[in-house]
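Below you'll find the structure, written out as structure tokens, and then a few comments.
The values are calculated or read from the model by the stated rules, or taken from the named source; none is laboratory data. As the structure is a computational prediction, the values presented were derived from the model and not from experiment. Reconstructed Cβ throughout: ideal geometry from the backbone, glycine too, with neighbour counts over all protein chains shown.
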Amino acid sequence: MYARALKPLALATAAVSALAFTMIFFWAPLDADQGFIQKIFYLHVPMAIVALLGFLAAGVMAALHLRTRDRRWDIRSYVAVHLSIILAVGVLVTGSIWAKASWGHWWVWSEPVLVSFLITFLLYAVYQPLRFSIDDPGRQARYASVFAIAGAAFTVLNFVAVRMAEAYTHPRVFSQTGGNMPPRMFVTFLVSLAAMALVFATLWTLELASKSASERVRRARRRREREADRAELASTARAGQPPATAPTVSASS
Amino acid sequence: MPALPLDAAGKYVAAAYVVFLALVLVYVAIIARKVGRLERDLSELEQTDAERER
Amino acid sequence: MTASGQPQTAARGARRQVGAARAGLAILRKDLRAELRAREAVPAMALFSVTAFVLFHFGLDRARLEGDVAAGVLWVTILLATVLAVNRLFVAEREQGGMEAMLLAPIDRTAIVLAKAAALFVFLAALEVLAVPAFGLLLLGGDLIGALPELAALLAVADLGLAAVGALVGALAAETRAREVIGPLILLPLVVPLAIAGVNATEPLFAPAGGPAELGRWLGLMGLYASVFMLMSVAVFDFLLED
């Protein structure tokens, strides 16, 4: 189901990413104040936006899981959270590099995006430990969905709160978004955003394809084991003896 | 802080993009490992099927 | 904390439904009575807070705090104390099997989450009645009175949000194997917006010059936070309680 979408997605991602790279380094104008360093912006901000949307989408998919009881929504939500966490790490690292290059410090508290992502990352870092500390799979999925929904609401509130806190203590450094960005920069930014979103979508589809395939293999294997046990029972019964041992319960892979 | 000269700035920009690339590639490697395991499981299944038919 | 007093709709079937309000109040009364008898959560939180204030005195090496540092110490201490209460919120049900009894009873599950949140709210209010004067005495040098009405309003609204989030996280963590660890790890990042709002709003109240208090926007943020999480807890709690 997912593999079919993969090829066009991957091709689109490659094409748009190549276009984005070209535009970033050959077309977009050089920033007057920050110079070449500003090129990080085309990586850092799209990553942040896509990660945020990823967390929100995960929340929506989690709500769908709770509503429809369809486990597939839980898996989709899980992968979205997982990918967004990776992107969040990327946001923190690229943001830190930018801070070092722009301000000489590896961390600045005056950048709302960076600070919000630190907090959001700290929250979602508990997602996987929470899942793996609950043994019952149904409950694990439900609790993870509740967490994802709370996390999505939190992400929005957190951003608002951090923005409000920094707004009148420090002026925004990242003044490229909105404000008066030259049109070439803005177009480049949009293309970079599209590329990042496509990367996310492709990786998401890839992981889902892998997960659903391994789930099918697991089910097929279990079916065969059950058939083998049944055949063994039948053959020993036909031979006129009770089965010596109970059929073994195979460990789930 | 004044803008860094191009060669110094270039290293930072390159580092940022390399980080992104590394994240994506590590992720793909992890998925690739899962797919490898999948192929092994599938060939196991095919083997037990073949044995059963004998 | 409102709950409708109306009986459930006929769609619930033939089960005789106890009104959500009565059920919620009953659970709340049970929790409060248990706390009054055992005296575990609130004294622990109060003791923790005072100890924290002492630690901050030594840690910051100051006899008196002002402005943003004072606000920060007070709010962070209260938030950390909340963790103690949240951890205990569902422990009684887990250990004594009260949860099954509650789930079997013909009551609306909304009542359970509202009752737990209300209990947490009461614990927090009780804590603040004890901890805030202690804070004023130990670290503010005594001039708390002027700030009291605004501070009380801020704490009240924050407590609403903390109660909602605490009930949610308490239920989430209750079923995990590592609940003493997972609970705080989930709760503390979640309450950062409240910390931001609380400290920013309180800072001018504790400043020596007494700057303008921009309570409105921060109260608004905290109110939004409380509403969002209250609604979410009510909507989602069913899924946490089912088997």
- If you check A:Val60, A:Val91, which single one turns out to be at pLDDT 90 or above, under 16 Å from the mean Cα position of the chain (by Cα), among the hydrophobic types (A, V, I, L, M, F, W, C) and surrounded by fewer than 18 Cβ atoms within 10 Å (Cβ to Cβ)? A:Val60
- What is the number of the single condition among (1) farther than 24 Å from C:Glu40 by Cβ; (2) away from chain A (no Cβ under 14 Å); (3) among the basic types (Lys, Arg) that C:Lys116 does not meet? (1)
- Query: Conditions: (1) at the interface with another protein chain (Cβ under 7 Å from one of its Cβ atoms); (2) at pLDDT below 80. B:Ile31 meets all but one. Number of the miss?
  - Reply: (2)
- Query: Is there a residue in region A:1-17 that is crowded, with 17+ Cβ neighbours inside 10 Å, charged (D, E, K, R) and over 20 Å from B:Val18 (Cα atoms)?
  - Reply: no
- Query: A:Ala237 fails exactly one of the following numbered conditions: (1) more than 11 Å from chain B (Cβ to nearest Cβ); (2) modelled with pLDDT of 85 or more. What is the number of that condition?
  - Reply: (2)
- Tabulated pairs, region A:199-227, first modelled with pLDDT under 90, second not in a helix (DSSP H, G or I), C-beta under 6 angstrom, 6+ apart or interchain: A:Arg218/A:Ser253; A:Glu225/A:Ser250
- Message: Test of understanding: among A:Ser110, A:Ser77, A:Ser84, A:Ser102, which residue is polar (S, T, N, Q), part of a helix (DSSP H, G or I) and either more than 28 Å from A:Ser212 (Cβ to Cβ) or within 9 Å of chain C (Cβ to nearest Cβ) (or both)?
- Response: A:Ser102
- Within the set of pairs 6 or more residues apart or between chains, which connect a residue that is closer than 15 Å to C:Thr77 by Cα inside region C:196-209 to a residue that is part of a helix (DSSP H, G or I) and among the polar types (S, T, N, Q) with Cβ atoms less than 9 Å apart? C:Ile196/A:Asn158
- Residues within region A:126-156 that are facing chain C (nearest Cβ under 8 Å) and not hydroxyl-bearing (Ser, Thr, Tyr), tallied: 13
- Query: How many residues does region C:44-86 contain that are touching an Asp or Glu at 6+ places or on another chain (Cβ under 6 Å) and not small (Gly, Ala, Ser)?
  - Reply: 1
